[in-house]
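The values are calculated or read from the model by the stated rules, or taken from the named source; none is laboratory data. This structure is a prediction, so every number in the text was calculated from the model and none was measured. Reconstructed Cβ throughout: ideal geometry from the backbone, glycine too, with neighbour counts over all protein chains shown. The protein model used for the area step is the full one, side chains on, heavy atoms only, and it has no ligands, DNA or RNA in it. Shrake-Rupley method; radii C 1.70, N 1.55, O 1.52, S 1.80 Å.
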Amino acid sequence: PSPTGFVHIGGVYTAMISQSVAHGSGGTFVLRIEDTDRAREVADAVEQFERAFAYFGIESDEALGQVPWGPYRQSERAQIYLTYVRELLRRGRAYPCFCTTDDLAEIRAEQDAAKAGTGYHGQWARCRALTDDAVEGRLGAGLSAVIRFAAPDDPGARAVFTDAIRGEIEQQDNVNDVVVLKSGEHRMPTYHFAHAVDDHLMGVNLVIRGEEWISSVPVHLQLFAALGFDAPTYA
């Protein structure tokens, strides 16, 4: 769960199903606090998670000392994420983006006027083609940058995957250069990137989550591929 709000019955239900499936198949149930969105974090949310899960008898296996892959709060794993971001930068699969909020609004207005798909992609990805000298100059001038994933530039591509519950799903592949590392003093990753790194390092091979995440699977599969990781099965 993410401490951007208090846990509700849907989160408890998902945790109970995850624990049941893991233990019923000889697996391990991992509880990871995904607290990289510091701006939206709700005070005392993590403590409320603990009370709610304890009330329903949900205990993660790492709390019992059976899993060695911690820490399990993503905010404590910042240096790990930076290592993988650096590798994507080195291989040209990511790049720094200096666009401001006003720049992004201008891009959106241009896309609306051209009746083009919205997002940071293709000709609208202004910072993707910056030279190394241009990047160094902007960093030297103290400009703030996020790090974006360089998505495959193929608007017609389709993503196909097998959902453990729904079977084969096909949808348009991701074309947006999504942010993988935010700006600011904490340099936290986005959920998309952090979960890919952590699922790999923690040995996660099955993710059970709400159906609202189906539309995000294409970008997640791209990130796993770019990092050289096997993607988990999604349910």
Every residue in the range 72-84 that is closer than 13 Å to V46 by Cβ and not in a helix (DSSP H, G or I), please. Y72, R73
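Run down V204, V175, V160, V219 and say which single residue is farther than 20 Å from R77 by Cα, among the hydrophobic types (A, V, I, L, M, F, W, C) and part of a loop (DSSP other than H, G, I, E, B). Break it down into steps so the answer makes sense when it comes.
Numbers: V204 fails: farther than 20 Å from R77 by Cα; V160 fails: part of a loop (DSSP other than H, G, I, E, B); V219 fails: part of a loop (DSSP other than H, G, I, E, B).
Step by step, each of V204, V175, V160, V219 is checked, and only V175 is farther than 20 Å from R77 by Cα, among the hydrophobic types (A, V, I, L, M, F, W, C) and part of a loop (DSSP other than H, G, I, E, B).
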In the list H186, H192, H220, which residue meets the criterion of being in contact with a helix residue (DSSP H, G or I) (Cβ under 7 Å, 6 or more places away or on another chain), open to solvent by 50 Å² or more (accessible area, probe 1.4 Å) and farther than 22 Å from A129 by Cα? H186
Residues in the range 152-163 that are at pLDDT 95 or above and surrounded by 13 or more Cβ atoms within 10 Å (Cβ to Cβ): how many? 3
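Residue by residue through the range 73-110, note down the ones that are in contact with a Ser or Thr (Cβ under 8 Å, 6 or more places away or on another chain) and open to solvent by less than 40 Å² (accessible area, probe 1.4 Å). Spell out how you get there, then give the answer.
Within the range 73-110, the first condition is being in contact with a Ser or Thr (Cβ under 8 Å, 6 or more places away or on another chain), and the residues that meet it are 74-75, 98, 108.
Hits for the range 73-110 are Q74, S75, F98.
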Which condition breaks for G57 when tested against (1) open to solvent by 70 Å² or more (accessible area, probe 1.4 Å); (2) more than 22 Å from the chain's Cα centre (by Cα)? (1)
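Given A196, A225, which one is within 11 Å of the chain's Cα centre (by Cα) and not in a loop (DSSP other than H, G, I, E, B)? Please lay out each step first, then the result.
Working: A225 fails: within 11 Å of the chain's Cα centre (by Cα).
That would be A196, the only listed residue that is within 11 Å of the chain's Cα centre (by Cα) and not in a loop (DSSP other than H, G, I, E, B).
Within the bounds of the range 182-193, is there any residue that is assigned to a helix (DSSP H, G or I) and of a type in the set (D, E, K, R)? Working first, answer last.
Here is the first cut: in the range 182-193, the ones assigned to a helix (DSSP H, G or I) are 191-193.
Imposing the further condition that a residue be of a type in the set (D, E, K, R) reduces the set to none.
No, there is no match, as no residue in the range 182-193 is assigned to a helix (DSSP H, G or I) and of a type in the set (D, E, K, R).
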